[in-house]
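Enquirer: Okay, here's the structure, questions in a sec.
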Amino acid sequence: MKRLTPIRAFLLSMTLVAGFTFAQSKVDQGKPGNQGPWPVTITGSGTGGGSGSSVVVTDSPCLAPRESVLVFDGGNFTPCPVSALAGRRTVTFCNSPRNAGSPIWTIRADGLAPTTAANTAGQDFALGDCVTYWMGATSDDGGSPTNCISDTGSSSLKITECK
């Protein structure tokens, strides 16, 4: 058996390193040229033991919900809610299951007017459907209002805003 000389050991180790280098799988993070670990941004911190820190993520409860009801009068669209809660984080809309018949509410959160036509923009809600919109920092109070319309007069839309 031949003895491994320092030169052979060096060449063997370089061959192994080169093999591992070429055998890595490419992860481009969805953007060509970005390889390596994923970029992670931590916002906020908690207290941790030792020299590190920890991040705790929890759902913030709705401490003071404001509930209202919008009853469609059969006319044009209406801002919903009519007067927004200052500093709200979320707003939830529910097509009341107590409505007579099967009214469909259409909601637009981009400030534009919804219509009851089938081929127009907006989210449609059948009887008993609900949706929650998360309000970003720019849409809390000075952003685009949400506008609602129903295809049936005297139908109710339940609205819950949360701070």
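Enquirer: Looking at segment 126-141, which of its residues are touching a strand residue (DSSP E or B) at 6+ places or on another chain (Cβ under 8 Å), over 15 Å from P81 (Cα atoms) and modelled with pLDDT under 90?
Expert: none
Enquirer: On the given criteria, is T92 β-branched (V, I, T) and at pLDDT 90 or above?
Expert: yes
Enquirer: Next up: Out of S144, S154, which single residue is out of contact with any Ser or Thr (no Cβ under 8 Å at 6 or more places or on another chain), over 18 Å from R66 (Cα atoms), at pLDDT 90 or above and among the small types (G, A, S)?
Expert: Details: S144 fails: at pLDDT 90 or above.
Exactly one residue qualifies, and that residue is S154.
Enquirer: Among G87, G101, which is the only one that is within 20 Å of C162 (Cβ to Cβ) and surrounded by fewer than 16 Cβ atoms within 10 Å (Cβ to Cβ)?
Expert: G87
Enquirer: Which one is modelled with the lowest pLDDT among residues in segment 39-86 that are in contact with a Cys (Cβ under 9 Å, 6 or more places away or on another chain), more than 21 Å from R98 (Cα to Cα) and of a type in the set (A, V, I, L, M)?
Expert: L63
Enquirer: Of the residues T92, T120, T115, which is under 13 Å from S150 (Cβ atoms), polar (S, T, N, Q) and either assigned to a loop (DSSP other than H, G, I, E, B) or under 24 Å from the mean Cα position of the chain (by Cα) (or both)?
Expert: On the way: T92 fails: under 13 Å from S150 (Cβ atoms); T120 fails: under 13 Å from S150 (Cβ atoms).
Of the residues listed, the single one that is under 13 Å from S150 (Cβ atoms), polar (S, T, N, Q) and either assigned to a loop (DSSP other than H, G, I, E, B) or under 24 Å from the mean Cα position of the chain (by Cα) (or both) is T115.
Enquirer: When segment 95-111 is examined, which residues are found to be touching a strand residue (DSSP E or B) at 6+ places or on another chain (Cβ under 7 Å) and either among the hydrophobic types (A, V, I, L, M, F, W, C) or in a strand (DSSP E or B) (or both)?
Expert: Within segment 95-111, N95, I104, W105, T106, I107, R108, A109 meet the criteria.
The values are calculated or read from the model by the stated rules, or taken from the named source; none is laboratory data. Values in this document were obtained by computation on a predicted structure and should not be read as measured data. Here Cβ is always computed from backbone atoms with ideal geometry, including for glycine, and neighbour counts include all displayed protein chains.
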